[in-house]
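Asks: Structure incoming, see below.
The values are calculated or read from the model by the stated rules, or taken from the named source; none is laboratory data. This structure is a prediction, so every number in the text was calculated from the model and none was measured. Backbone-built Cβ (ideal geometry, glycine too); neighbour counts: all protein chains shown.
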Amino acid sequence: MGKPPPSTSSIESTLQALREAIWSRRPILGDIMRKHGDMQLFEYAQDFMDVNDAPVLDPYKPEIIDTLCDLIGQRLGPDVATRARKQLKKFALVSTADHHSTIDHPFWVNANIISGLPFLEKPDPDVFSLVVLSFASVSLNNASGFARGILFHGGMGNSSNLIRLPVLPDKEKMGIVYSSRAFTREDLDRAQQSLHEKERAGEITPQRRAGIAGFLEDYYGAKDVLDSPDLSTQITKINFRFWPKLFHPAKGEEPGRRMLDLIYFEIETLVTELLLRRHLTENTLINRLLFRDDYRKLVLECFDGIAGAFSHKKGWGTYMFWAIDANHHRVRLELDGNRLVSKTQPDLSVDFTPDAIAQALKDRRIYPSMLLCYIMVSLYYGMKCLGGFCQVHDLTVTKEAWGKMLRAVGESKEADALTPIQTKELGGDGMVLAYSRSASGTEMFPATGIDMYLSEKDTGVEKYLNRSKEVTMQEMMNPMLPEMYTVLFTADERDPELLKISPEAILRETGLQEKLAAEARK
């Protein structure tokens with residue numbers, strides 16, 4: 001006889017243990033979920049539209065908006081840039097939750113569906129897009145942002161049949177997205193061959209293989225995508241075209257309302273451009289942060305141990321910039337007098353002067369750290385940033401440390417200006433509205449973007465908008481708790497007992513699957 005399914009009480013006990021473990025690493029996420037976890041998801045999302053005025057920082061915003069829209073225009077054309085500029089001047093709101101990759105992992109698919117909910121319910125004539133400043137500092141092989149290729153289920157009807165189909169070769173997998181080359185026609189041909197091999201091995205159904213092959217040709221194989229200078233540009237173009245196609249009615253039904261467009265642009269390139277245009281040459285607060293000795297001393301004191309910054313004791317993170325080596329791997333830099341030095345690759349060291357930093361950025365030998373990106377986009381320019389389950393904690397403690405540092409150097413006005421900056425805005429990352437069903441229809445599990453694209457079922461906007469009014473934040477987070485746990489805990493830290501439950505079991509044993517099925521029958 002087969003092993004009996006876990007009891008409901010056992011599932012609940014495991015889920016609570018997962019929550020407590022996750023919240024121990026990101027306490028502010030725990031505070032948010034304890035306070036709002038039982039809130040209707042749609043109700044929570046309404047606060048996204050509430051962008052606080054920041055009187056001291058608001059005059060800075062046109063600079064970041066114009067710079068970003070100039071860059072968007074170079075990739076997606078002047079019409080998209082014009083609409084984005086109008087939107088951002090009305091709502092200084094972006095998401096900074098995502099990794100820069102094809103929009104297929106459930107983390108990012110659902111984060112952006114949820115971010116769009118308030119604007120879907122009450123459309124604004126000036127809001128056309130979800131603007132995402134995604135992080136490209138992750139490796140090509142990152143588990144939740146598989147920029148090396150695509151993620152999809154093979155059509156066998158369960159969550160364990162998740163396929164990671166590479167487009168770029170294995171030898172490049174540990175390079176970072178930010179410095180990755182563009183994929184080529186030859187790379188796509190190898191991916192197509194791999195698809196055939198997976199079909200022959202029984203990992204992918206013939207129908208799914210044909211659908212993926214068509215997806216690759218239509219989106220990855222488009223001429224202007226293949227002609228792009230780098231992978232980051234390719235991802236921006238692919239996601240802009242692919243995203244609306246995820247949302248469609250069931251086969252044979254009339255289309256419903258349209259999802260907002262999706263503009264993915266990597267935050268490191270934006271921050272680099274802002275530095276080059278102004279902050280490396282003018283006496284701005286950011287210039288003083290980087291180059292004045294009294295500021296540097298306080299950076300080392302105030303940000304030590306903060307995720308996204310660095311830890312002297314544990315030897316992780318970097319001082320304001322990462323270096324990039326010949327294999328496109330990121331390399332840690334430490335401040336040593338008036339130089340940024342690599343202890344492992346001394347040839348990557350750079351003088352920490354405005355001219356030397358500018359040249360290194362132009363040569364793509366260095367790029368801004370997460371700490372510098374957070375400070376500039378959120379805490380200097382005052383953009384409201386919808387965040388992921390890590391960011392709501394990391395950005396909040398970064399804001400506290402930044403304010404402490406500003407007061408210590410006598411920048412009281414800038415410290416006071418931080419008060420209205422919103423850092424605890426969980427933009428949907430880690431919650432799931434979009435699910436796939438098993439072939440028998442008896443099981444549900446989180447869908448990837450490509451699963452939605454290929455589905456013959458209803459994946460329309462109305463479905464997710466209505467669903468968000470029937471479920472709570474915690475219910476929608478439960479299926480992703482095991483994966484969130486693996487993000488925050490290394491393999492040797494994990495309790496294997498906490499990873500024995502699948503998304504299907506969570507949905508089934510907590511009653512969520514039946515609740516979603518009942519909602520669909522209404």
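Asks: Can you find, within the stretch 406-436, the residue that is nearest to PRO106 (Cα to Cα) among those that are of a type in the set (Ser, Thr, Tyr) and buried (at least 17 other Cβ atoms within 10 Å of the Cβ)? Please lay out each step first, then the result.
Replies: As a first pass, look at the stretch 406-436 and keep what is of a type in the set (Ser, Thr, Tyr): 412, 419, 423, 435-436.
Those still in the list that are buried (at least 17 other Cβ atoms within 10 Å of the Cβ) too: 423, 435-436.
Values: THR423: 23, TYR435: 9, SER436: 11 Å.
Per the criteria, the residue is TYR435.
Asks: If PRO27 passes every condition in (1) closer than 29 Å to ALA143 by Cβ; (2) buried (at least 18 other Cβ atoms within 10 Å of the Cβ); (3) in contact (Cβ under 8 Å) with a residue 24 or more places away in the chain; (4) not hydroxyl-bearing (Ser, Thr, Tyr) but one, which one does it miss?
Replies: (2)
Asks: Can you go through GLU504, GLU519, GLU483 and tell me which one is part of a helix (DSSP H, G or I) and exposed (fewer than 15 other Cβ atoms within 10 Å of the Cβ)?
Replies: Details: GLU504 fails: exposed (fewer than 15 other Cβ atoms within 10 Å of the Cβ); GLU483 fails: exposed (fewer than 15 other Cβ atoms within 10 Å of the Cβ).
GLU519 is the lone residue from the list that is part of a helix (DSSP H, G or I) and exposed (fewer than 15 other Cβ atoms within 10 Å of the Cβ).
Asks: All but one of (1) at pLDDT 95 or above; (2) in a helix (DSSP H, G or I) hold for PHE119; state the number of the condition that does not hold.
Replies: It fails just one condition, (1).
Asks: Please determine whether any residue of the stretch 333-348 is outside the structural domain of THR269 (by TED's automatic domain parsing) and within 28 Å of ALA97 (Cβ to Cβ).
Replies: So far as the stretch 333-348 goes, yes, one or more of its residues are outside the structural domain of THR269 (by TED's automatic domain parsing) and within 28 Å of ALA97 (Cβ to Cβ).
Asks: What is the residue count in the stretch 136-150 for residues that are of a type outside the set (Gly, Ala, Ser) and touching a helix residue (DSSP H, G or I) at 6+ places or on another chain (Cβ under 7 Å)? Before you say what the answer is, go through the steps one by one.
Replies: First, pick out the residues of the stretch 136-150 that are of a type outside the set (Gly, Ala, Ser): 138, 140-142, 146, 148, 150.
Still in the running and touching a helix residue (DSSP H, G or I) at 6+ places or on another chain (Cβ under 7 Å): 138, 140, 150.
So the answer is 3.
Asks: Next up: For THR396, state whether it is more than 22 Å from GLU43 (Cα to Cα), among the hydroxyl-bearing types (Ser, Thr, Tyr), surrounded by fewer than 24 Cβ atoms within 10 Å (Cβ to Cβ) and modelled with pLDDT of 95 or more. Even if it seems obvious, please write down each step before you answer.
Replies: Values: more than 22 Å from GLU43 (Cα to Cα): yes; among the hydroxyl-bearing types (Ser, Thr, Tyr): yes; surrounded by fewer than 24 Cβ atoms within 10 Å (Cβ to Cβ): yes; modelled with pLDDT of 95 or more: yes.
Answer is yes for this residue.
Asks: Only one of these is within 30 Å of THR82 (Cα to Cα), in contact with a Phe, Trp or Tyr (Cβ under 7 Å, 6 or more places away or on another chain) and not hydrophobic (A, V, I, L, M, F, W, C): SER134, SER159, SER129. Name it.
Replies: On the way: SER159 fails: within 30 Å of THR82 (Cα to Cα); SER129 fails: in contact with a Phe, Trp or Tyr (Cβ under 7 Å, 6 or more places away or on another chain).
Exactly one of SER134, SER159, SER129 is within 30 Å of THR82 (Cα to Cα), in contact with a Phe, Trp or Tyr (Cβ under 7 Å, 6 or more places away or on another chain) and not hydrophobic (A, V, I, L, M, F, W, C), namely SER134.
Asks: What are the residues in the stretch 159-189 that are out of contact with any strand residue (DSSP E or B) (no Cβ under 8 Å at 6 or more places or on another chain) and either surrounded by 15 or more Cβ atoms within 10 Å (Cβ to Cβ) or of a type in the set (Ser, Thr, Tyr) (or both), if any? Quick ask: steps written out before the conclusion?
Replies: Of the residues in the stretch 159-189, the ones out of contact with any strand residue (DSSP E or B) (no Cβ under 8 Å at 6 or more places or on another chain) are 160, 169-172, 180-189.
If the condition is that a residue be out of contact with any strand residue (DSSP E or B) (no Cβ under 8 Å at 6 or more places or on another chain) and either surrounded by 15 or more Cβ atoms within 10 Å (Cβ to Cβ) or of a type in the set (Ser, Thr, Tyr) (or both), then SER160, GLU172, SER180, ALA182, PHE183, THR184, ASP187, LEU188 are the ones that fit.
Asks: Would it be correct to say that PRO244 is in a loop (DSSP other than H, G, I, E, B) and in the same structural domain as THR102 (by TED's automatic domain parsing)? If you could, list the steps in order and put the result at the bottom.
Replies: Numbers: in a loop (DSSP other than H, G, I, E, B): no; in the same structural domain as THR102 (by TED's automatic domain parsing): yes.
Against the criterion (in a loop (DSSP other than H, G, I, E, B) and in the same structural domain as THR102 (by TED's automatic domain parsing)), PRO244 does not qualify.
Asks: Please indicate, with yes or no, whether at least one residue in the stretch 455-470 is crowded, with 19+ Cβ neighbours inside 10 Å, over 17 Å from MET259 (Cα atoms) and more than 21 Å from the chain's Cα centre (by Cα).
Replies: The answer is no, given that none of the residues of the stretch 455-470 is crowded, with 19+ Cβ neighbours inside 10 Å, over 17 Å from MET259 (Cα atoms) and more than 21 Å from the chain's Cα centre (by Cα).
Asks: Being within 23 Å of VAL127 (Cβ to Cβ) and at pLDDT below 95: is that true of ARG241 here? Steps first, answer last, please.
Replies: Values: within 23 Å of VAL127 (Cβ to Cβ): yes; at pLDDT below 95: no.
Here the answer is no, as ARG241 does not meet what is asked.
Asks: Being among the acidic types (Asp, Glu) and surrounded by 15 or more Cβ atoms within 10 Å (Cβ to Cβ) is the filter here, so list the residues in the stretch 219-273 that pass it.
Replies: At the first step, the residues of the stretch 219-273 found to be among the acidic types (Asp, Glu) are 224, 227, 230, 253-254, 261, 266, 268, 273.
Once the filter is applied, which keeps residues that are among the acidic types (Asp, Glu) and surrounded by 15 or more Cβ atoms within 10 Å (Cβ to Cβ), the stretch 219-273 yields ASP230, ASP261, GLU266, GLU268, GLU273.
Asks: Looking at GLY157, GLY175, which one is in contact (Cβ under 8 Å) with a residue 40 or more places away in the chain and at positive phi?
Replies: Values: GLY175 fails: at positive phi.
That would be GLY157, the only listed residue that is in contact (Cβ under 8 Å) with a residue 40 or more places away in the chain and at positive phi.
Asks: Would you point out the residue of the stretch 35-85, among those that are within 30 Å of PRO229 (Cβ to Cβ) and among the polar types (S, T, N, Q), that is surrounded by the fewest Cβ atoms within 10 Å (Cβ to Cβ)?
Replies: Once the filter is applied, the top-ranked residue is GLN74.
Asks: From the list PHE152, PHE146, exactly one residue is in a strand (DSSP E or B) and among the aromatic types (Phe, Trp, Tyr). Which is it? Steps first, answer last, please.
Replies: Numbers: PHE146 fails: in a strand (DSSP E or B).
Criteria check complete, one pass: PHE152.
Asks: Here's another thing I want to ask about it. For the stretch 399-433, how many residues are touching a strand residue (DSSP E or B) at 6+ places or on another chain (Cβ under 7 Å) and either of a type in the set (A, V, I, L, M) or not assigned by TED's automatic domain parsing to the domain that holds ASP304 (or both)?
Replies: 2
Asks: When the stretch 55-106 is examined, which residues are found to be part of a helix (DSSP H, G or I) and in contact with a Cys (Cβ under 8 Å, 6 or more places away or on another chain)? Give the derivation first.
Replies: Of all residues in the stretch 55-106, those part of a helix (DSSP H, G or I) come to 58-76, 78-90, 106.
Once the filter is applied, which keeps residues that are part of a helix (DSSP H, G or I) and in contact with a Cys (Cβ under 8 Å, 6 or more places away or on another chain), the stretch 55-106 yields ALA81, THR82, ALA84, ARG85, LEU88.
Asks: Counting only residues that are surrounded by fewer than 17 Cβ atoms within 10 Å (Cβ to Cβ) and more than 16 Å from TYR295 (Cα to Cα), how many does the stretch 332-348 have?
Replies: We begin by selecting, within the stretch 332-348, every residue surrounded by fewer than 17 Cβ atoms within 10 Å (Cβ to Cβ); these are 336-339, 343-347.
Now narrow it down to the ones that are more than 16 Å from TYR295 (Cα to Cα): 343-347.
Number of matching residues: 5.
Asks: Taking helices (runs of 4 or more DSSP H) that fall entirely within the stretch 333-437, which contain at least 2 residues that are free of Cβ contacts under 8 Å to residues at least 60 places away in the same chain? Spell out how you get there, then give the answer.
Replies: Working: elements: 354-362, 370-374, 391-408, 412-416.
Output list reads 354-362, 391-408, 412-416.
Asks: From GLU199, GLU266, which residue is in the same structural domain as ALA97 (by TED's automatic domain parsing), among the acidic types (Asp, Glu), at pLDDT 95 or above and more than 24 Å from the chain's Cα centre (by Cα)? Write out each step before concluding.
Replies: Details: GLU266 fails: more than 24 Å from the chain's Cα centre (by Cα).
Result: GLU199 is the single residue among GLU199, GLU266 that is in the same structural domain as ALA97 (by TED's automatic domain parsing), among the acidic types (Asp, Glu), at pLDDT 95 or above and more than 24 Å from the chain's Cα centre (by Cα).
Asks: Ok, one more. Pairs needed: first member in the stretch 53-81, in the same structural domain as ASP230 (by TED's automatic domain parsing) and closer than 14 Å to PHE240 by Cα; second member anywhere, acidic (Asp, Glu) and surrounded by 17 or more Cβ atoms within 10 Å (Cβ to Cβ); C-beta distance under 9 Å; at least 6 residues apart or different chains.
Replies: Note: pairs meeting the criteria are VAL80/ASP261.
Asks: Further question: Quick one: which of GLU443, GLU493 is at pLDDT below 95 and assigned by TED's automatic domain parsing to the domain that holds PRO249? Don't jump to the end; show me each part of the working.
Replies: Details: GLU493 fails: at pLDDT below 95.
Testing whether each residue is at pLDDT below 95 and assigned by TED's automatic domain parsing to the domain that holds PRO249 leaves just GLU443.
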